[in-house]
Amino acid sequence: MSDLNFIVEKLEDMRKDIGISNFSGFLEKTGENVSKIAADRSCHVDIYYHSSSIPSIRKKVEEISKQNGEPGFVYHFISDKKEPLRMFLQMMPAIAVIFLDEDFSQSEKPFQFLRNRVGQYKLLFLINFSGEEKMAKEFSAQIDRSIKLHAISYEAFSSTSLKALISEMVDNNILARLNSFALHNTVRPIVPMLQDIFQTENKIFQTRKLLSGQHGQIIRKEEQMQNNNDFNNNLKTLVQKNMQEMEKSYRSKYEDMNKPNTGRFSQVASDCVQQIKDFQREEIAEKSEKVAISLKKNDTDRILATVGLNLKEEFRKDEAFIHKVFEELVSKVNNQLNEKGISPLKPSELFLPFAEGQRILNSYCYIGKPYAGELVKKGINEYFIALRDYTGLIMVVAGLLAPLNMVATISENAVLKAMSNFIRITTGMITLIMIVYGIYDLRRRIPRKRQEEQDKELNRARETTMQECKRMFNESSRDWQSSVSNWIRDVGQNILVQIEANIKNQGQQKLQQLNIERMQQQRSQQSIDTLHRNFGYAEKSKDALISKFRDSFSNIEKEIKL
């Protein structure tokens, strides 16, 4: 075993240095096989023959087969029908024997088998069973000149055994060197195999080293990317911008709706007051000629109901729209959070109870300054009141003529006396005429005056009620806007707080994960460094093995002199 002992030792060293590897089992098994090969002291011989050879060859093959396994020699039979598969570390004899006959010389396969093993054989015995010298010479000429050829006739071979023939023609020292050459030739494939193994292991090592370096770069890059201030500020800007736009839109909406004449609420209020057609009338104790007037309860209830319904409808639309806008905002934020691997927002933890519209309606939808007025009672009182104007006019005319009458009455002048009579008659006639005309005019003017006063009070009632409607719309709108703005700011603040909390939690978790990955990467790098150091030791063992094997193989070839 001393010839190949260094191979077993170096293989074991390489296996230990490489450690856990795809080839550690192969190296261990190869070392065991080399040990078995080195322990084999038998002389191995390949015997070539043709399957359809003459009886004497078949008889000799059968005879040698029975002797196979005897101490000192092992025979391997190769025919034209079957060439033994050349397996890794399968014995490769340095001695070959050919049983030559006509069938063998004409067959291409056995000779092809022989040519495939050029470099394996150092000694060849050509046993000529045909008896034709020419055939033996022609066949011998085809044998590679690096092989020592011994041509033996059938007569010389028939009287001895193959073992005796080899022992007789080959010196024991030469035979031992041939056996050593066969052993070295058998384990020779280990050299290219080791080169392939180390080349593969080196590629695996370089790949692991490259991946470890890339992993380290990725970890450092991810650590640098953990500063989410810009991302947090962008989300904060997005949320605040949406909040400001919503508040601004609602201010503009209710400003437009409360505009005089053109606003929707103003138009609703105008429609409501235009439906006031008459009043509720009540007797006044201290003013028997007049009645107190106010809005009918039906009109008041209708106005309050109309204002309340319009406000409630707008409040409902606002609530639905704001919820929709915030849901879309949360969806946008969650999309960006998901792209960063951050936990999304939970709407159930964000939205607060919405502003109570009914509370606002109960607070502001009432008639604060109800309309109150007076009208003259319909009937004889209207005429008496109207006669006051004519009575005053008569008194003015009488007052203007009275001084003349007094002068004429005092004077003794006949002319003045006559003038006094004329003045009294004229005053009486004018008074009578004005009374008759007043009665006629009142019958025509009182209905018109009655309608004018009715219309005047209706307009005043409508104006007063219009102001109340505008007050209800304005005050309710302001309170609603304030409540909605507070809700928007509170929910927006909840969103910002949860965004910041989720980013912070994700950052802490990511940093913990990166710390773990960095420690694993450092351990992996240390393992790679250790493997690289051990791989260098194994590679030195491999180079020493190959160098020593080549020197040993070269020396054996030089020592074989046939």
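The values are calculated or read from the model by the stated rules, or taken from the named source; none is laboratory data. Nothing here was measured: the structure is a model prediction, and the numbers come from that model. Neighbour counts run over all protein chains shown; Cβ positions are idealised from the backbone, glycine included. With ligands, DNA and RNA removed, areas are computed over all heavy atoms of the protein, side chains included. Shrake-Rupley method; radii C 1.70, N 1.55, O 1.52, S 1.80 Å.
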So is Phe315 modelled with pLDDT under 80 and surrounded by 15 or more Cβ atoms within 10 Å (Cβ to Cβ) or not? no
Quick count over segment 333-362, residues being charged (D, E, K, R), outside any loop (DSSP other than H, G, I, E, B) and modelled with pLDDT under 80, is 1
Expected output for segment 122-150 (first residue of a type outside the set (D, E, K, R), partner part of a loop (DSSP other than H, G, I, E, B) and open to solvent by 70 Å² or more (accessible area, probe 1.4 Å), Cβ below 7 Å, 6+ apart or cross-chain) is Leu123/Leu562
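Conditions tested, residue by residue: (1) more than 28 Å from Gln217 (Cβ to Cβ); (2) open to solvent by 50 Å² or more (accessible area, probe 1.4 Å).
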position: Ile499; (1), (2): yes, no
position: Ile503; (1), (2): no, no
position: Gln508; (1), (2): no, yes
position: Leu511; (1), (2): no, yes
position: Arg518; (1), (2): no, yes
position: Glu557; (1), (2): yes, yes
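Is it the case, given these coordinates, that Arg448 is more than 40 Å from the chain's Cα centre (by Cα), modelled with pLDDT of 85 or more and either open to solvent by 30 Å² or more (accessible area, probe 1.4 Å) or closer than 20 Å to Glu374 by Cβ (or both)? Give the derivation first.
Details: more than 40 Å from the chain's Cα centre (by Cα): yes; modelled with pLDDT of 85 or more: no; either open to solvent by 30 Å² or more (accessible area, probe 1.4 Å) or closer than 20 Å to Glu374 by Cβ (or both): yes.
Spelling it out, it is not the case that Arg448 is more than 40 Å from the chain's Cα centre (by Cα), modelled with pLDDT of 85 or more and either open to solvent by 30 Å² or more (accessible area, probe 1.4 Å) or closer than 20 Å to Glu374 by Cβ (or both).
Return the residue satisfying two criteria in turn: it lies in segment 363-374 and is among the small types (Gly, Ala, Ser) and open to solvent by less than 60 Å² (accessible area, probe 1.4 Å), and of such residues it is modelled with the highest pLDDT.
Ser363
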Checked Leu235, Leu183, Leu194 against criteria (open to solvent by less than 50 Å² (accessible area, probe 1.4 Å) and within 21 Å of Leu511 (Cβ to Cβ)); the one match is Leu235
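Here is a list: Ser477, Ser541. Which entry is hydroxyl-bearing (Ser, Thr, Tyr), part of a helix (DSSP H, G or I) and touching a Lys or Arg at 6+ places or on another chain (Cβ under 8 Å)?
On the way: Ser477 fails: touching a Lys or Arg at 6+ places or on another chain (Cβ under 8 Å).
Residue meeting the stated conditions: Ser541.
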- Given the structure, is Ser343 touching a residue at least 24 places away in the same chain (Cβ under 8 Å), over 21 Å from Lys241 (Cα atoms) and under 25 Å from the mean Cα position of the chain (by Cα)? yes
Within segment 23-70, residues being open to solvent by less than 60 Å² (accessible area, probe 1.4 Å), part of a helix (DSSP H, G or I) and touching a residue at least 12 places away in the same chain (Cβ under 8 Å) number 15
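Any chance you could count how many residues in segment 240-261 are among the polar types (S, T, N, Q), closer than 30 Å to Glu457 by Cβ and at pLDDT 85 or above?
Residues flagged as among the polar types (S, T, N, Q), closer than 30 Å to Glu457 by Cβ and at pLDDT 85 or above within segment 240-261 amount to 1.
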Filter segment 197-219 for residues that are among the hydrophobic types (A, V, I, L, M, F, W, C) and open to solvent by 60 Å² or more (accessible area, probe 1.4 Å); the one that is farthest from Glu517 (Cα to Cα) is Ile204
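Results for (1) assigned to a strand (DSSP E or B); (2) more than 60 Å from the chain's Cα centre (by Cα); (3) more than 30 Å from Phe553 (Cβ to Cβ); (4) acidic (Asp, Glu), shown as yes or no for each residue.
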{"residue": "Phe113", "(1), (2), (3), (4)": "no, yes, no, no"}
{"residue": "Tyr121", "(1), (2), (3), (4)": "no, yes, no, no"}
{"residue": "Ser130", "(1), (2), (3), (4)": "no, yes, yes, no"}
{"residue": "Glu138", "(1), (2), (3), (4)": "no, yes, yes, yes"}
{"residue": "Ile143", "(1), (2), (3), (4)": "no, yes, no, no"}
{"residue": "Leu149", "(1), (2), (3), (4)": "yes, yes, no, no"}
{"residue": "Glu155", "(1), (2), (3), (4)": "no, yes, yes, yes"}
{"residue": "Asn179", "(1), (2), (3), (4)": "no, yes, no, no"}
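If you go through segment 305-330 one residue at a time, how many are touching a Pro at 6+ places or on another chain (Cβ under 9 Å) and not charged (D, E, K, R)?
Residues of segment 305-330 touching a Pro at 6+ places or on another chain (Cβ under 9 Å): 326-327, 330.
This time we only want the ones that are not charged (D, E, K, R), so: 326, 330.
Of the residues in segment 305-330, 2 are touching a Pro at 6+ places or on another chain (Cβ under 9 Å) and not charged (D, E, K, R).
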Phe125 vs (1) closer than 28 Å to Ala39 by Cβ; (2) part of a loop (DSSP other than H, G, I, E, B); (3) in contact with a Leu (Cβ under 9 Å, 6 or more places away or on another chain): all pass except (2)
(1) open to solvent by 40 Å² or more (accessible area, probe 1.4 Å); (2) modelled with pLDDT under 85 all hold for Ser411 apart from (1)
Restricting segment 69-113 to residues that are at pLDDT below 75 and touching a strand residue (DSSP E or B) at 6+ places or on another chain (Cβ under 8 Å), the one farthest from Met193 (Cα to Cα) turns out to be Pro110
Filter pass, Ala292 being touching a residue at least 24 places away in the same chain (Cβ under 8 Å), touching a strand residue (DSSP E or B) at 6+ places or on another chain (Cβ under 7 Å) and either assigned to a helix (DSSP H, G or I) or over 20 Å from Asn474 (Cβ atoms) (or both): yes
Checked against (1) farther than 30 Å from Thr464 by Cβ; (2) at pLDDT below 85, Val330 satisfies every condition except (2)
Checked Lys248, Lys277 against criteria (in contact (Cβ under 8 Å) with a residue 60 or more places away in the chain and open to solvent by 20 Å² or more (accessible area, probe 1.4 Å)); the one match is Lys277
Listed by first then second residue, the pairs whose first member lies in segment 195-206 and is touching a residue at least 40 places away in the same chain (Cβ under 8 Å), whose partner is among the basic types (Lys, Arg) and open to solvent by less than 60 Å² (accessible area, probe 1.4 Å), with beta carbons under 7 Å and at least 6 positions apart or on separate chains, are Phe198/Lys542
